[in-house]
Amino acid sequence: MASARRSWRLDSKEIFDVLVNDVDSDIEEDPEIQIEEVIQDLHEVVSVQDHENDDADMSENVSEPEQGRSRGRSRPTLRGRTRSRGGRVRSGARSTTRCSSGRHASTSIREMDEANGWSYEAVQQPPENPVFQEISRVLAPIDENSSLFDCFSIFFPDSFWKLLKTETNRYAAQMKAKQTRQGILKPGTMLYQWKPVTKQELKTFFSVVIHMTLVQKESFDSYWSTREIIETSFARKHMNRNRFRAIYSCLHLNDNSNYKPRNDPEYDAFFKLRPYFDELCFLCENSFYPNENLTIDEGTCGFRGRVHFRVYNKDKPDKYGMKVYMLCDAETGYILRMVPYVGDSKSVETIIAELSEPYFGKWHTIYMDRFFTSPTIADLLWLKETRTVGTVMANRRGLPQVWRQQPLEKAEMAFLSPRQSNCL
C-alpha cells in the first residue's frame, strides 16, 4: 500500500490523463459504470508503476541512451478510454495498459537512429575546426570625426534624392494629366496647384517625418496647430501643411507606367520599392564587414496599407506589416542583407543562400532559430565553409528519433552526430 501511494504521488500526471483524455465522442454510458471503469484503470496504473519502481530500485546499470531519462522507465499508455466534449467518459474496447521496457524501447530507437546514419559513439578524434581570420571593419568613407548626417548619407545618398525627386514629380504629372482627361481636375486642389518638388524640399519633408516619429500626436494637422496645449513649432516653421500633404500624396520611387500585373511572368510584388531597396541592400553590405558570428532572423516593418503580402503576428510590436528576412552581425546588430517576404513560396534553403552568399568560404558562424535550423541546412552551410548553430524542432526531418521519444530532463545534455557529417 505504501508503494502504491508513492507511485500516486510521483506519477499523478498519468492518472490525470485518464480522467481528461480529450477525444470526441457522442456515446454516453451509465455514470456508475463509468466511475467503476475509471477506478479500475487507476488501480492498473498504480499497480504497473509500483512494479516499475521496484524494478528500477533493483537495477544497477543503465544503458547509454537511457542515462538521465527517468532511470529507463517508459510511461504506460492507456487505451480504450476517451472523453466526449460534454465531459462524459466512454469506453471503446476493454481498457488495457501497455508498458514496454525502457531498455528495449531505447535499444530499438538507437538501432533506428544508427541505421539513419547517427552515431552514439564518442568521437575520439575531433574534426578539424577552421579558424575565422577576417577582420571586422567599417568599409564606408567615414571615421570617428564624421557627423550623424554623414552616417545618414551613407544609406540615403544623393542618388536616392534624385530618384525620389524624379519619380515623385513624374507621378504628380501623371495624376494631373489623368484627372484633366477625365474632366475632374478642379481649381484649388492639391494637383491643380502642384509645383515640381526639389531635392532640398524632399530633405525638409523627411526631417518633418522624423520629427513626427519623435513627437507623437493624434493627426497631421496637430503638428501645425497653434493651440498652446499641443503646439510644436518645428513642422510649421519648416514646411507649409498643404505642401507637406501634397508631397506625401505623390511620394514615389518607381515609374507606374512600368508596372506589371500579377498574372504577368515579370510581375514584381516589391515593384513600388524595388529601385531603392536593392540599392539599400548593396549599401548595407558594402559599408561594413561583420564579425565572425552572424544571425538570421525575420522582422516586421509596420504597415497597414494595401499589399497582398501583408502579414499579421500577434507577438510582434508591429502586429501588421511586411515581413523581411535579415542577416545581421551578432555583435553590433548591423543589418547586412535583407530578403523581403512577398507571399511567394521560397524554400528555407533559398532564403539562407540569398542572405549568406557573400560570406561563404570564410568560416563565419551563423546562429538561427527553429524556423531555419535543420540537419540539411547545417550540412549545406558546412559545404560552403560556414558553421551553423541553432535551436531546432524535435520533429524536423533527419533528426534522430531519440529526441522525440526521450526528451531531455532539466539541466541534462546529450550529443549525437551523423557519421557522414560534422553536425552535432
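General observations
- Consider segment 291-345 and keep the residues that are charged (D, E, K, R), part of a loop (DSSP other than H, G, I, E, B) and in contact (Cβ under 8 Å) with a residue 40 or more places away in the chain. The one that is surrounded by the most Cβ atoms within 10 Å (Cβ to Cβ) is Glu292.
- For segment 372-392, the set of residues classified as in contact (Cβ under 8 Å) with a residue 60 or more places away in the chain and surrounded by 15 or more Cβ atoms within 10 Å (Cβ to Cβ) consists of Phe372 only.
- Failed condition for Tyr192, given (1) at pLDDT 85 or above; (2) surrounded by 14 or more Cβ atoms within 10 Å (Cβ to Cβ); (3) touching a helix residue (DSSP H, G or I) at 6+ places or on another chain (Cβ under 9 Å): (2)
- Residue list for segment 318-350, restricted to those being touching a Ser or Thr at 6+ places or on another chain (Cβ under 8 Å) and within 16 Å of Phe271 (Cα to Cα): Met322, Lys323, Val324
- For segment 320-339, the set of residues classified as farther than 15 Å from Asn293 by Cα and out of contact with any Asp or Glu (no Cβ under 8 Å at 6 or more places or on another chain) consists of Tyr320, Gly321, Met322, Met338, listed by residue number.
- Filter result (assigned to a loop (DSSP other than H, G, I, E, B) and either among the charged types (D, E, K, R) or more than 20 Å from Ala330 (Cα to Cα) (or both)) within segment 375-405: Lys384, Glu385, Met393, Ala394, Asn395, Arg396, Arg397, Gly398, Leu399, Pro400, Gln401
- Residue check for Asn256: surrounded by 13 or more Cβ atoms within 10 Å (Cβ to Cβ), farther than 30 Å from Tyr334 by Cβ and not small (Gly, Ala, Ser): yes
- Residue ID - nearest to Thr232 (Cα to Cα), chosen from residues in segment 200-221 that are among the polar types (S, T, N, Q) and surrounded by fewer than 13 Cβ atoms within 10 Å (Cβ to Cβ): Gln216
- Verdict on Glu114 being of a type in the set (Asp, Glu), at pLDDT 95 or above and in a helix (DSSP H, G or I): no
- Count of segment 172-197 residues which are farther than 10 Å from Ala246 by Cα and among the polar types (S, T, N, Q): 4
- Looking only at residues in segment 366-424 that are under 22 Å from the mean Cα position of the chain (by Cα) and basic (Lys, Arg), the one that is modelled with the highest pLDDT is Arg387.
- Filter result (touching a Lys or Arg at 6+ places or on another chain (Cβ under 9 Å) and surrounded by 20 or more Cβ atoms within 10 Å (Cβ to Cβ)) within segment 346-355: Leu355
The values are calculated or read from the model by the stated rules, or taken from the named source; none is laboratory data. What you are looking at is a predicted structure, and each value in this text was computed from that prediction instead of being measured. Heads up, the Cβs are rebuilt from the backbone with ideal geometry, glycines too, and the neighbour counts pull from every protein chain shown.
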